[in-house]
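Participant: Below is one structure. I have some questions about it.
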Amino acid sequence: MYYGRCFLCGEWGLLEEHHIFGGANRKKSEKYGLKVGLCGDKCHRNGKKAAHQCPETAQKLHEYGQRKYMIENGASIEEFIKEFGRNYL
Ligand SMILES: [Zn+2]
Ligand SMILES: [Zn+2]
């Protein structure tokens with residue numbers, strides 16, 4: 001945990017690191033720094049709109065992660081799909 005500003009709600013507090021792309025792509029999230037800091041209980045794990053509870057929140061983060069990857073790596077949508085398996089835009 002570390003102190004900072006939650007990527008989702010903007011509140012300052014102790015944050016947990018969330019890997020934007022989980023499962024098989026978790027290692028790639030780590031490799032490319034596709035992670036965000038979230039309030040542990042409310043925004044990460046248990047809240048109604050938490051990243052691990054709410055499909056819309058997960059989608060929002062996936063879209064952000066894809067754009068970040070494409071911009072930082074100069075990658076096209078096709079190249080993103082090759083690396084992560086699908087398009088989230
Ligand atoms: Zn939050
Ligand atoms: Zn997480």
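The values are calculated or read from the model by the stated rules, or taken from the named source; none is laboratory data. Predicted model, so just to flag it, every value in this text is computed and none were measured. Counting neighbours? That spans all protein chains shown, and the Cβs are built from the backbone with ideal geometry, glycine included. All accessible areas refer to the heavy atoms of the entire protein, side chains included, with ligands and DNA or RNA removed. Shrake-Rupley method; radii C 1.70, N 1.55, O 1.52, S 1.80 Å.
Participant: Could you grab me the full set of residues in segment 25-34 that are surrounded by fewer than 17 Cβ atoms within 10 Å (Cβ to Cβ) and closer than 20 Å to MET1 by Cβ?
Facilitator: ARG26, GLU30, GLY33, listed by residue number.
Participant: Residues of segment 50-67 being in contact (Cβ under 8 Å) with a residue 40 or more places away in the chain and not β-branched (Val, Ile, Thr), which ones?
Facilitator: Matches in segment 50-67: ALA51, LEU61, HIS62, TYR64, GLY65.
Participant: Could you give every pair whose Cβ atoms fall below 8 Å, whose first residue belongs to segment 1-24 and is within 17 Å of TYR69 (Cα to Cα), and whose second residue is of a type in the set (Lys, Arg), counting only separations of at least 6 or pairs across chains?
Facilitator: Within 8 Å, the pairs are HIS18/LYS35; HIS19/ARG26; HIS19/LYS35; ILE20/LYS35; PHE21/LYS28.
Participant: Now for a separate question. Could you run through segment 51-79 and say how many residues are in a helix (DSSP H, G or I) and either within 16 Å of ligand 1 (Cβ to nearest atom) or surrounded by 15 or more Cβ atoms within 10 Å (Cβ to Cβ) (or both)?
Facilitator: So the count comes out to 12.
Participant: Please specify each residue of segment 31-49 satisfying the condition of being outside any strand (DSSP E or B) and more than 9 Å from ligand 2 (Cβ to nearest atom).
Facilitator: Just the residues of segment 31-49 that are outside any strand (DSSP E or B), to begin with: 31-34, 40-49.
The answer is LYS31, TYR32, GLY33, LEU34, GLY40, ASP41, LYS42, CYS43, ASN46, GLY47, LYS48, LYS49.
Participant: With respect to GLY47, determine if the residue is within 12 Å of ligand 1 (Cβ to nearest atom), open to solvent by less than 60 Å² (accessible area, probe 1.4 Å) and without any contact (Cβ under 8 Å) to a residue 24 or more places away in the chain.
Facilitator: When the stated conditions are applied, GLY47 passes them.
Participant: Do the conditions hold for GLY22, that is, is it small (Gly, Ala, Ser), within 12 Å of the chain's Cα centre (by Cα) and open to solvent by less than 90 Å² (accessible area, probe 1.4 Å)?
Facilitator: For GLY22, the condition - small (Gly, Ala, Ser), within 12 Å of the chain's Cα centre (by Cα) and open to solvent by less than 90 Å² (accessible area, probe 1.4 Å) - is met.
Participant: Kindly provide the set of residues from segment 23-51 that are out of contact with any strand residue (DSSP E or B) (no Cβ under 6 Å at 6 or more places or on another chain), at pLDDT 95 or above and within 19 Å of PHE84 (Cα to Cα), ordered by number.
Facilitator: Residues satisfying the conditions are ASN25, LYS27, LYS28, GLU30, LYS31, TYR32, GLY33, LEU34.
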